[in-house]
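For reference, the structure is listed below as structure tokens.
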Amino acid sequence: MEPFFILALFQHGYKARTSTLYHLLKGKRTSSVLLYGFLYENLHFFQLFPALSEVQFNNIIADLIKQKLLRQTVDGEVQITTKGQLDTHRYLTNFSWINNYHFGKTDEMIWRLLQFTVQVVSHLSYTNKNYIPLEQSPLYQKQVKMYIKSMPKVELIKTVKQEWTQIFSCLSDEEANYFVKQFSGYQQIGKTAFQLADDQGNPFDRFMFSKEKLHHLLSTIEQMPDGSFLKALILQMIKQNENKSMNETKAYLERLDSVEKLAEQRKIKVSTIKDHLMELALTGDFPFDSFITTKTSDFLLECSPPYQDWSYRSLKQLNPALDYFEFRLYQIQKLREEREANR
């Protein structure tokens, strides 16, 4: 783990709890951890380092404080210093395509499936059955066989070639070459991502280099038109990154507009429904007005941004009737509107 990367996660400039950031990087899927990621725009690094030890993380934080790159506040939170901001701008690499919240659980599996599909279609185009498959697992074998049988051989070969050409046209030449060099097929043996990232310095840089490029590729495929062969091939694997129970709650949102009704329909706790709704509000279209009362909106409308600085405890002292769930939804709604306007 590189200290400059941890430092960069505080470049937002707000006071923040280090323990919650640690749980975010480890992949603890609670509403408070996901909310933290959203507030400080670090959600895309969710579960990026599941093996990170708390001791290692805390040592990095302590060292950054010692170097006066971070400062610790009286309430135990930390905030980046002016010196820290300068160092961040000097060393930070742009990881704009990494989205581990959306792809992280299955990204490597998807890439293996794509590589295997290319190998099979390549040998199929030369009517060659005498080769060693990249994958022996039924997980990949069954998936590829099913999609290969979905259309005639000539059409399949033409479609796969056209779609990869389309995908690579959306990537830089460097990125396209990076993926092409990893493909195996007729009379071609692909290199590993590790081999291609060998000139990227230390293991951390190589890991981030590969992750950035892979997530850009997956995002590009995901944006292809519905019905595209490669998009259909990987879509179910992408969905495995989502909270299944949350999606079951989402299915009822069009006709049930209260937490209590949803809990009754799902036969689960109200608190669990609130967690589901909170996560849905962070990442997709959400009916905020159905769950935020006019009373709460009118009160919070009088509060000044930045929304990241809002403290529920402080605002509740001003308005004892303020509901925590509604407060968070309103905060999320306003931040989403603000970020959308700034794009």
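Scanning segment 248-265 for residues that are in a helix (DSSP H, G or I), acidic (D, E) and either surrounded by 13 or more Cβ atoms within 10 Å (Cβ to Cβ) or not assigned by TED's automatic domain parsing to the domain that holds H276 (or both) yields E248, E264. Criterion first (aliphatic (A, V, I, L, M), buried (at least 17 other Cβ atoms within 10 Å of the Cβ), under 24 Å from the mean Cα position of the chain (by Cα) and not assigned by TED's automatic domain parsing to the domain that holds M208) does L25 satisfy it? Yes; evaluated as a whole, the condition is true for this residue. Given the conditions (1) crowded, with 18+ Cβ neighbours inside 10 Å; (2) at positive phi, report the number of the one that L329 does not fulfil. The number of the failed condition is (2). If only residues of segment 302-329 that are assigned to a helix (DSSP H, G or I), more than 29 Å from the chain's Cα centre (by Cα) and aliphatic (A, V, I, L, M) are counted, the one that is farthest from L253 (Cα to Cα) is L318. Screening V74, V160, V121, V144 for residues that are more than 29 Å from the chain's Cα centre (by Cα) and outside the structural domain of A51 (by TED's automatic domain parsing) leaves exactly one candidate, V121. Quick one: is F299 over 26 Å from the mean Cα position of the chain (by Cα) and aromatic (F, W, Y)? Spelling it out, F299 is indeed over 26 Å from the mean Cα position of the chain (by Cα) and aromatic (F, W, Y).
For segment 297-326, name all the residues that are exposed (fewer than 13 other Cβ atoms within 10 Å of the Cβ) and among the basic types (K, R). R313, the sole residue that qualifies. Sort out which residues of segment 154-172 are under 18 Å from I234 (Cα atoms) and of a type in the set (S, T, N, Q), and write them in order of number. If the condition is that a residue be under 18 Å from I234 (Cα atoms) and of a type in the set (S, T, N, Q), then T159, Q162, T165, Q166 are the ones that fit. Taking every residue in segment 275-300 that is more than 16 Å from R255 (Cα to Cα) and pairing it with any residue that is among the charged types (D, E, K, R) and surrounded by fewer than 18 Cβ atoms within 10 Å (Cβ to Cβ), at least 6 positions away or on another chain, the pairs with Cβ-Cβ distances below 7 Å are T296/D323.
Residue-wise test of (1) in contact with a Leu (Cβ under 9 Å, 6 or more places away or on another chain); (2) more than 19 Å from K105 (Cα to Cα).
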{"site": "L171", "(1), (2)": "yes, yes"}
{"site": "Q188", "(1), (2)": "no, yes"}
{"site": "A197", "(1), (2)": "no, yes"}
{"site": "K211", "(1), (2)": "yes, no"}
{"site": "E242", "(1), (2)": "no, no"}
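In segment 278-296, the qualifying residues are those that are in a loop (DSSP other than H, G, I, E, B) and more than 23 Å from the chain's Cα centre (by Cα), and the one that is surrounded by the most Cβ atoms within 10 Å (Cβ to Cβ) is I292. Pairing residues of segment 72-89 that are free of Cβ contacts under 8 Å to residues at least 40 places away in the same chain with residues that are exposed (fewer than 15 other Cβ atoms within 10 Å of the Cβ), at Cβ distances under 6 Å and at least 6 apart in sequence or on separate chains, gives T81/K68; K83/K68. Scanning segment 87-94 finds one or more residues that are closer than 30 Å to I221 by Cβ and touching a Leu at 6+ places or on another chain (Cβ under 9 Å). Helices (runs of 4 or more DSSP H) fully within segment 1-115 that include at least 1 residues being of a type in the set (D, E, K, R): 18-26, 54-66, 82-91.
The values are calculated or read from the model by the stated rules, or taken from the named source; none is laboratory data. Keep in mind that what you see is a predicted model, and the values were worked out from it rather than measured. Neighbour counts run over all protein chains shown; Cβ positions are idealised from the backbone, glycine included.
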